[in-house]
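Nothing in this text is a laboratory measurement; each read-out follows from the coordinates by a stated rule. Just so we're clear, the structure is a prediction, and the values are computed from it rather than from any experiment. Here the Cβ is made from the backbone with ideal geometry for all residues, glycine too, and neighbour counts use every protein chain on show.
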Amino acid sequence: MNIGFIGLGNMGGPMAANLAKAGHNVTGFDLVADVPEAVTKAGSAAEAAENRDVVITMLPNGKILRSVAEEILPVMKAGAVLADCSTVDVESARAVAAMAEAAGVLALDAPVSGGIGGAVAGTLTFMVGGSDAAFAAAAPLLDVMGKKTVQCGTSGAGQAAKICNNMILGVTMTATCEAFALADKLGLDRAKMFDVISTSSGYSWSMNAYCPAPGVGPQSPADNAYKPGFASELMLKDLRLSQSAAVSADADTPMGELAMRIYEAFVEEEDGRGMDFSALLPRFEKRGRAHEEI
Ligand code: NAD
């Protein structure tokens, strides 16, 4: 297929490279990042999108996605697919789908989980919103970049699934880290704590697969001085998206809100920026109960 790929950063770069490796003809554009080998460099987003069968975007946020969509939709061919794999707000995903429909282009929101490792290995999970026709056209490409795809519903459903998943992740990681800090203060050995919880009803992906305590459980960013992995500021971005969606949908999400406020303090007022999101454990470890702020 002839593919345009816009946004070739940490995630988009290896995703585009995998498509080219699989034999597709990929033309890419990024304002800053280098174009991977085997991907043809375009001079603008519009040039990358013109006459392609599928255009994939992997951009930082909904505002940038909307402006790129405004630029490329007028030059995309009728019946082509615009598949956005970025994590953005549900409203932007739906607005871009409406703009695409008006331009005669099929649209998908197809955010991913699996991180940079999954993007490089081609083992991402895609959660997809949009029509069956758009999905059918893009599915072979999602299969190259990922190992699992779930069709979640109409436009915006992929983003809804993504922010709900990451809201749970932010909450369980916070709970796992504060429980380790409590166990420390109660004199419980961390390896014993892991042994019990990872096989008891407190288990979760945060404990079992991504344990925030160094030297305990499987290898994780905790064993590499909390170098990300999944950076705290990206978790904060996703928790903010979940809370703004909760406000507009009138959903009561007190745990998600509290996790957002904790990551906000960690990233904006403490030393959390650039640290893995499991670095809440050393944060809790340093603190007692005597503080006014969160
Ligand atoms: P990144 O910052 O490395 O890449 C984004 C790229 O978009 C940058 O290279 C930037 O130059 C480019 N860009 C910005 N504006 C542009 C424009 N107008 N035209 C062309 N290019 C433009 O970020 P990333 O880690 O690759 O993440 C991309 C998206 O994937 C985000 O929405 C993020 O939330 C999501 N995501 C990231 C991860 C992860 O672990 N990094 C995991 C899942 C989802």
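Each residue of the stretch 5-14 in turn: what ³J(HN,Hα) in whole Hz from Karplus with 6.51, -1.76, 1.60 and θ = phi - 60°, glycine and Pro shown as x?
10, 10, x, 10, x, 3, 8, x, x, x
Label point 7 Å out from N2 along Cα-to-Cβ: which residues of the stretch 120-147 have amide N under 20 Å?
Counting only backbone N, you get 134, 137-142.
When a footprinting reagent is the concern and you count Cβ atoms within 10 Å, what order do C152, C211 take, fewest first?
On the way: C152 20, C211 26.
The order, fewest Cβ neighbours first, is C152, C211.
Of T57, T125, A95, which is farthest towards the positive pole of the chain's charge dipole, taken about the Cα centre with +1 and -1 on the beta-carbons of Lys, Arg and Asp, Glu respectively?
T125
DSSP beta bridges in the chain, what fraction antiparallel, as a percent rounded to 5?
So the antiparallel bridges in the chain amount to around 15 percent.
Once phi is turned into ³J(HN,Hα) by the Karplus curve 6.51 cos²θ - 1.76 cosθ + 1.60 with θ = phi - 60°, what whole-Hz value does each residue of the stretch 260-272 show in order, with x for glycine and proline?
Values, residue by residue: 4, 5, 5, 5, 4, 4, 4, 7, 9, 10, 10, 10, x Hz.
What is the distance, in nm, between label points placed 7 Å from the Cα along the Cα-to-Cβ direction at R240 and at E91?
Computed distance between label sites R240 and E91 equals 1.4 nm.
Multiplying the sequence separation of V196 and A290 by 0.36 nm and subtracting their Cα-Cα distance, what value in nm do you get? Mind dumping the intermediate values first?
Numbers: separation 94, 0.36 × 94 = 33.84 nm, distance 2.94 nm.
Full-extension gain reported as 30.9 nm.
Using modelled amide H (1.01 Å from N, peptide plane; none on Pro or chain starts), what sits under 5 Å from the amide H of G274, excluding residues fewer than 5 places away?
S232, E233
Around L124, which amide H atoms from residues at least 5 apart in sequence, or from another chain, sit under 5 Å from its own amide H, with H modelled in the peptide plane?
Residues meeting the criterion, in which the H sits 1.01 Å from N, are G146, K147.
With +1 on each Lys and Arg Cβ and -1 on each Asp and Glu Cβ, how big is the dipole of the chain about its Cα centre, in debye rounded to the nearest 20?
520
Extension gain T40-L186, at 0.36 nm per residue separation less the Cα-Cα distance, in nm?
46.7 nm
List Y210, Y263 from most exposed to least, where exposure is judged by having the fewest other Cβ atoms within 10 Å.
Least to most surrounded, the residues fall as Y210, Y263.
Give the peptides 265-271, 248-254 in descending order of average Cβ contacts within 10 Å, highest first.
Result, highest mean first: 265-271, 248-254.
For the stretch 178-194, just list the computed ³J(HN,Hα) in residue order, Karplus coefficients 6.51, -1.76 and 1.60, θ = phi - 60°, integers in Hz, with x standing in for Gly and Pro.
My calculation for the stretch 178-194 gives 5, 5, 4, 5, 5, 4, 3, 5, 8, x, 8, 5, 5, 5, 5, 4, 4 Hz in order.
With label points built 7 Å along Cα→Cβ from the Cα atoms of Y203 and A33, find their separation and express it in nm.
It works out to 3.5 nm between the two label points.
Evaluate the distance, in nm, between pseudo-label points positioned 7 Å from the Cα of A78 and of S248 along their respective Cα→Cβ axes.
3.1
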